[in-house]
Amino acid sequence: MKICGFTFVRNAVKFDYPIVESVKSLLPLVDEIIVLVGKSEDGTLELIRSIPSDKIKIHESVWDESLKEGGRVLAVETDKAFALVPKDYDWAFYLQADEVLHEKDYPVILESSKKYMNHKKVQGLIFKYIHFFGSYDYVGNSRRWFPYEVRMIRPNQGIYSYRDAQGFRNKKDIKLLVKNSGACVYHYGWVRHPQKQLEKLNSFYGLWNGEEYVVPEVKSEEQFDFAANADAIFRFTGSHPAVMQKRITEKNWDMQLDTNKKQFSFKDRVLNRLEKMTGKQLFRFRNYTKL
């Protein structure tokens, strides 16, 4: 069985993406990793080159600024990276720059990928998501966060990145047929210093608001208000991936959030309670079809 990882990244240093940790978490599972580095304003390319592994294949890209609406440019860059995956691989493993795998899940990932390798009807494997919020101590606990997404797919089957690169579909715009990998993705996209988070969000909004969007300058005293934007969270009591330990130790901000605070609309409050009672994901959008 052959697995190729692929990802894309731009301005990882400027916006403090854990891309090094993400790539390192993939290395034990894959034969090679395609890293598509967009033209950046910082040392992102040098950062990727500094990762000591001959499995990493670096390619450079220039983002199409005219696609900065609806997050489309993210899907285009994903497709560029996916197109570089050799067609003789059995699986292509996609991680975004703020997503990391836990080493405890390696055995189950390999087991499920081998199990479904020759089941050609299975087009992808889904992973459960743990969405950290504010710091490494809190996890999002509401319908705002998608619970599962496709991260392993088949090369050479006309699969493409859907909308803003959250998931994938096939060439007829039909949801992929998937099985559960049994593993998790640790998502750290909402964990960084509050000032860095505000800078990142201001820049990120431009990917949805078009090429005319002007990124507001963030002053030194301005910070993103995590407490005001937390609808429901709980304290994380598990372990983080080993590759994240250095980053966690070096965290340079303090975050105390109220786990008892709930900020739901009436509709979300009812649906959230029903999900907790039944264990079923009610009326959620799923960009895949489970076999």
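Observations
- Candidates in region 41-71 are the residues that are surrounded by 18 or more Cβ atoms within 10 Å (Cβ to Cβ) and more than 24 Å from Y186 (Cβ to Cβ); of these, the one that is modelled with the highest pLDDT is L45.
- The one condition from (1) free of Cβ contacts under 8 Å to residues at least 40 places away in the same chain; (2) among the aromatic types (F, W, Y); (3) in contact with a helix residue (DSSP H, G or I) (Cβ under 7 Å, 6 or more places away or on another chain) that Y160 does not meet is (1).
- Of all residues in region 191-203, none are modelled with pLDDT of 90 or more, closer than 30 Å to M117 by Cα and touching a strand residue (DSSP E or B) at 6+ places or on another chain (Cβ under 7 Å).
- Residue in region 89-104 that is modelled with pLDDT of 95 or more, over 17 Å from E32 (Cα atoms) and surrounded by fewer than 18 Cβ atoms within 10 Å (Cβ to Cβ) present: yes
- If you go through region 35-78 and keep only what is acidic (D, E) and either part of a helix (DSSP H, G or I) or farther than 14 Å from D164 by Cβ (or both), you end up with E41, D42, E46, D54, E60, D64, E65, E77.
- Taking the criterion of being modelled with pLDDT of 95 or more, exposed (fewer than 12 other Cβ atoms within 10 Å of the Cβ) and in a helix (DSSP H, G or I), the residues of region 220-270 that qualify are K246, T249.
- Hey, L29 surrounded by 17 or more Cβ atoms within 10 Å (Cβ to Cβ) and within 16 Å of the chain's Cα centre (by Cα) or not: no
- Inspection of region 196-215 identifies no residue that is closer than 30 Å to P107 by Cβ and within 19 Å of the chain's Cα centre (by Cα).
- Scanning region 161-215 for residues that are of a type outside the set (A, V, I, L, M), touching a Lys or Arg at 6+ places or on another chain (Cβ under 9 Å), part of a loop (DSSP other than H, G, I, E, B) and surrounded by 18 or more Cβ atoms within 10 Å (Cβ to Cβ) gives a single hit, R192.
- Enumeration of residues in region 97-114 that are part of a helix (DSSP H, G or I) and hydrophobic (A, V, I, L, M, F, W, C): V108, I109, L110
- Residue satisfying all of: in region 145-160; of a type in the set (A, V, I, L, M, F, W, C) and not in a loop (DSSP other than H, G, I, E, B); surrounded by the most Cβ atoms within 10 Å (Cβ to Cβ) among these: M152
- Count of residues meeting criterion [part of a loop (DSSP other than H, G, I, E, B) and farther than 19 Å from S161 by Cα] in region 122-144: 8
- Qualifying residue in region 135-153 (condition: closer than 19 Å to N287 by Cα, modelled with pLDDT under 95 and in contact with a Leu (Cβ under 8 Å, 6 or more places away or on another chain)): yes
The values are calculated or read from the model by the stated rules, or taken from the named source; none is laboratory data. All values derive from a computational prediction rather than experimental measurement. Methodologically, a virtual Cβ is constructed for each residue, glycine included, from the backbone with ideal geometry; neighbour enumeration extends over all protein chains shown.
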